[in-house]
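Okay, so here's the structure we're looking at.
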Amino acid sequence: MATLSEIHIRRGRLLERIAAQRARLRDGARPIRRVLDKADSAIAGVHAGVACIKQRPWVLGLFAATMFALKGRRFFRVLKRGFLVWKAWVSLRDNLRDGRYFGLDKLIFWLQ
């Protein structure tokens, strides 16, 4: 049976190990933090844009009128570019969620 002093020594060693693991995790997550901060600011910008559209729906109407004013090929060219940007965003979002970019897959594996 362990004496009280042995238990305290083991507890101290465990606390030191925990502190070292936390420091490694914090240092390893710094690059990810920068990327996530940029993503947060982009999402905040999107939310601000949506709020602006909700407050001023005439802007969306003006955009739609401009799109219809573009004739034929130009309209579909702009529509195609918008679709490609949307598809790229969806792909990037899904890959980021799965951890396939920025070495997140290695970090996630290390954390498990």
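If the condition is being at pLDDT below 80 and not in a helix (DSSP H, G or I), then the stretch 46-103 contributes Leu70, Lys71, Gly72, Gly99, Arg100, Tyr101, Phe102, Gly103.
For the residues Arg26, Arg30, Arg34, Arg22, the requirement of being loosely packed, with under 10 Cβ neighbours inside 10 Å and under 23 Å from the mean Cα position of the chain (by Cα) singles out Arg30.
Check the stretch 19-36 and report whether any residue there is over 21 Å from Leu92 (Cα atoms) and touching a residue at least 40 places away in the same chain (Cβ under 8 Å).
yes
I'd like the full set of residues that are closer than 19 Å to Gly49 by Cβ and among the aliphatic types (A, V, I, L, M), limited to the stretch 66-92.
Selection gives Met67, Val78, Val85, Ala88, Val90, Leu92.
Any residue that is surrounded by fewer than 11 Cβ atoms within 10 Å (Cβ to Cβ) and at pLDDT below 80 - is there at least one of those in the stretch 2-19? Scanning the stretch 2-19, I find at least one residue that is surrounded by fewer than 11 Cβ atoms within 10 Å (Cβ to Cβ) and at pLDDT below 80, so the answer is yes.
The values are calculated or read from the model by the stated rules, or taken from the named source; none is laboratory data. Quick caveat: nothing in here was measured; it's all calculated off a predicted structure. Cβ coordinates were reconstructed from backbone atoms using ideal geometry, including for glycine residues, and neighbour counts include every protein chain displayed.
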